[in-house]
Amino acid sequence: MKKILLLASAFVLTLSVMAQPKPDEVVKMNTEKHDFGKIKVGVPVTYSFEIKNISDKPMVVENSYGSCGCTTPEKIVDPIMPGKTASLKVHYNAAAVAPFTKDVHIKFAGIEAEKVIHITGEVLTAEAYEEYLKTKNKPKLQKAENDHK
(Lines give C-alpha, C1' and ligand atoms only; values in the text may rest on other atoms or scores of the structure.)
Protein backbone atom coordinates (compact mmCIF):
# COMPACT_ATOMS: atom_id res chain seq x y z
CA MET A 1 0.00 0.00 0.00
CA LYS A 2 2.82 2.41 0.87
CA LYS A 3 4.47 1.74 -2.49
CA ILE A 4 1.26 2.54 -4.37
CA LEU A 5 0.78 5.76 -2.38
CA LEU A 6 4.40 6.76 -2.95
CA LEU A 7 4.12 6.00 -6.68
CA ALA A 8 0.87 7.98 -6.96
CA SER A 9 2.43 10.95 -5.15
CA ALA A 10 5.46 10.89 -7.46
CA PHE A 11 3.16 10.78 -10.49
CA VAL A 12 1.13 13.80 -9.29
CA LEU A 13 4.33 15.71 -8.50
CA THR A 14 5.71 14.93 -11.96
CA LEU A 15 2.52 16.20 -13.60
CA SER A 16 2.64 19.46 -11.65
CA VAL A 17 6.26 20.05 -12.66
CA MET A 18 5.48 19.28 -16.30
CA ALA A 19 2.51 21.68 -16.21
CA GLN A 20 4.82 24.54 -15.23
CA PRO A 21 5.07 27.00 -18.18
CA LYS A 22 8.43 27.77 -19.70
CA PRO A 23 9.58 31.37 -20.25
CA ASP A 24 9.31 31.06 -24.05
CA GLU A 25 5.64 30.13 -23.67
CA VAL A 26 4.74 33.40 -21.92
CA VAL A 27 7.22 36.00 -23.18
CA LYS A 28 8.85 36.83 -26.51
CA MET A 29 12.19 38.64 -26.72
CA ASN A 30 13.10 41.01 -29.56
CA THR A 31 16.43 39.16 -29.59
CA GLU A 32 18.21 36.74 -27.29
CA LYS A 33 21.73 37.95 -28.15
CA HIS A 34 23.21 41.39 -28.70
CA ASP A 35 26.72 41.96 -30.08
CA PHE A 36 28.22 45.30 -29.10
CA GLY A 37 31.04 44.75 -31.58
CA LYS A 38 34.33 46.45 -30.77
CA ILE A 39 34.16 48.94 -27.90
CA LYS A 40 36.68 51.18 -26.16
CA VAL A 41 37.99 50.21 -22.73
CA GLY A 42 36.47 52.24 -19.91
CA VAL A 43 33.45 53.34 -21.96
CA PRO A 44 30.36 51.48 -20.65
CA VAL A 45 27.72 50.38 -23.15
CA THR A 46 24.01 49.67 -22.80
CA TYR A 47 21.46 47.70 -24.77
CA SER A 48 17.71 47.41 -24.14
CA PHE A 49 16.18 43.98 -24.66
CA GLU A 50 12.44 44.10 -25.31
CA ILE A 51 10.27 41.59 -23.43
CA LYS A 52 6.73 41.11 -24.75
CA ASN A 53 4.13 39.34 -22.63
CA ILE A 54 2.40 36.85 -24.94
CA SER A 55 0.35 35.27 -22.14
CA ASP A 56 -3.09 36.22 -20.87
CA LYS A 57 -1.83 37.14 -17.38
CA PRO A 58 0.41 39.93 -16.09
CA MET A 59 4.08 38.83 -15.91
CA VAL A 60 6.25 39.91 -13.01
CA VAL A 61 10.03 39.93 -13.32
CA GLU A 62 11.16 38.69 -9.89
CA ASN A 63 14.84 39.13 -10.58
CA SER A 64 17.39 39.75 -13.30
CA TYR A 65 21.13 39.39 -12.89
CA GLY A 66 24.31 39.18 -14.92
CA SER A 67 26.81 36.34 -14.98
CA CYS A 68 29.40 38.65 -13.39
CA GLY A 69 29.64 42.06 -11.75
CA CYS A 70 30.60 43.71 -15.05
CA THR A 71 27.11 43.03 -16.45
CA THR A 72 24.18 44.70 -14.71
CA PRO A 73 20.58 44.62 -15.87
CA GLU A 74 18.20 47.26 -14.55
CA LYS A 75 15.30 45.96 -12.49
CA ILE A 76 11.86 45.92 -14.10
CA VAL A 77 9.51 46.93 -11.28
CA ASP A 78 6.08 47.05 -12.91
CA PRO A 79 4.23 43.93 -14.10
CA ILE A 80 4.21 43.42 -17.86
CA MET A 81 0.54 43.34 -18.84
CA PRO A 82 -0.75 40.90 -21.50
CA GLY A 83 0.22 42.04 -25.00
CA LYS A 84 2.50 44.79 -23.62
CA THR A 85 6.27 45.20 -23.80
CA ALA A 86 8.89 46.19 -21.24
CA SER A 87 12.55 47.13 -21.72
CA LEU A 88 15.33 45.41 -19.83
CA LYS A 89 18.38 47.68 -20.01
CA VAL A 90 21.63 45.77 -19.71
CA HIS A 91 24.85 47.67 -18.92
CA TYR A 92 28.35 46.35 -19.56
CA ASN A 93 31.19 48.26 -17.87
CA ALA A 94 33.96 47.53 -20.47
CA ALA A 95 36.65 47.62 -17.78
CA ALA A 96 38.78 44.69 -19.05
CA VAL A 97 40.45 44.50 -22.46
CA ALA A 98 39.30 41.21 -24.00
CA PRO A 99 36.53 39.60 -26.00
CA PHE A 100 33.49 38.89 -23.81
CA THR A 101 30.38 36.75 -23.74
CA LYS A 102 28.08 37.35 -20.78
CA ASP A 103 24.75 35.89 -19.76
CA VAL A 104 21.81 37.75 -18.27
CA HIS A 105 19.29 35.67 -16.32
CA ILE A 106 15.65 36.71 -16.06
CA LYS A 107 13.42 35.09 -13.41
CA PHE A 108 9.66 35.45 -13.85
CA ALA A 109 7.22 34.92 -10.97
CA GLY A 110 5.50 31.55 -11.13
CA ILE A 111 7.96 30.08 -13.62
CA GLU A 112 10.74 27.89 -12.33
CA ALA A 113 13.02 28.07 -15.37
CA GLU A 114 14.92 31.28 -16.03
CA LYS A 115 15.17 33.00 -19.40
CA VAL A 116 18.82 33.50 -20.38
CA ILE A 117 19.91 36.15 -22.88
CA HIS A 118 23.42 37.04 -23.98
CA ILE A 119 25.68 40.00 -24.74
CA THR A 120 28.97 39.75 -26.62
CA GLY A 121 31.66 42.04 -27.92
CA GLU A 122 35.32 42.90 -27.71
CA VAL A 123 36.87 45.57 -25.50
CA LEU A 124 39.91 47.23 -27.09
CA THR A 125 42.57 49.50 -25.67
CA ALA A 126 42.15 53.18 -26.52
CA GLU A 127 44.93 52.94 -29.12
CA ALA A 128 43.55 49.77 -30.70
CA TYR A 129 40.06 51.26 -30.78
CA GLU A 130 41.30 54.40 -32.59
CA GLU A 131 43.13 52.19 -35.11
CA TYR A 132 39.99 50.09 -35.54
CA LEU A 133 37.94 53.22 -36.30
CA LYS A 134 40.49 54.35 -38.90
CA THR A 135 40.48 51.00 -40.71
CA LYS A 136 36.71 50.70 -40.40
CA ASN A 137 36.14 54.06 -42.07
CA LYS A 138 38.97 53.82 -44.61
CA PRO A 139 37.26 51.48 -47.14
CA LYS A 140 34.17 53.68 -47.11
CA LEU A 141 36.27 56.77 -47.82
CA GLN A 142 38.14 55.04 -50.67
CA LYS A 143 34.87 53.81 -52.19
CA ALA A 144 33.38 57.30 -51.98
CA GLU A 145 36.48 58.76 -53.67
CA ASN A 146 36.28 56.16 -56.45
CA ASP A 147 32.57 56.89 -56.94
CA HIS A 148 33.33 60.55 -57.61
CA LYS A 149 35.97 59.82 -60.30
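The values are calculated or read from the model by the stated rules, or taken from the named source; none is laboratory data. Everything numeric here is computed off the predicted structure, so don't read it as measured data. In this analysis, Cβ positions are derived from the backbone assuming ideal geometry, glycine residues included, and neighbour counts consider all displayed protein chains. Ligands, DNA and RNA are excluded from the accessible area calculation, which covers all protein heavy atoms including side chains. Shrake-Rupley method; radii C 1.70, N 1.55, O 1.52, S 1.80 Å.
Observations on the structure shown:
- Karplus-derived 3J(HN,Hα), 6.51/-1.76/1.60, for each residue of segment 30-38, Hz, glycine and proline x: 5, 7, 9, 8, 10, 9, 6, x, 8
- Entry comment: accessible area of segment 20-149 is 60 Å² per residue, from protein heavy atoms only and a probe of 1.4 Å.
- Take the Cβ atoms of Lys38 and Tyr65, set R0 to 30 Å, and the FRET efficiency comes out at 0.70.
- According to the Kirkwood relation over distinct C-alpha pairs, the hydrodynamic radius of segment 64-105 is 11.9 Å.
- Flagged links, alpha-carbon separation over 18 Å, of Lys40/Lys136; Lys57/Lys84; Lys102/Lys134; Lys89/Lys136: Lys102/Lys134; Lys89/Lys136
- Averaged over residues, the count of other Cβ atoms within 10 Å places the peptides 84-95, 20-31 in the sequence 84-95, 20-31, highest first.
- Using θ = phi - 60° in the Karplus curve 6.51 cos²θ - 1.76 cosθ + 1.60, the 3J(HN,Hα) couplings for segment 94-111 round to 6, 7, 10, 7, 3, x, 9, 9, 10, 9, 10, 9, 10, 10, 9, 4, x, 10 Hz; x is entered for Gly and Pro.
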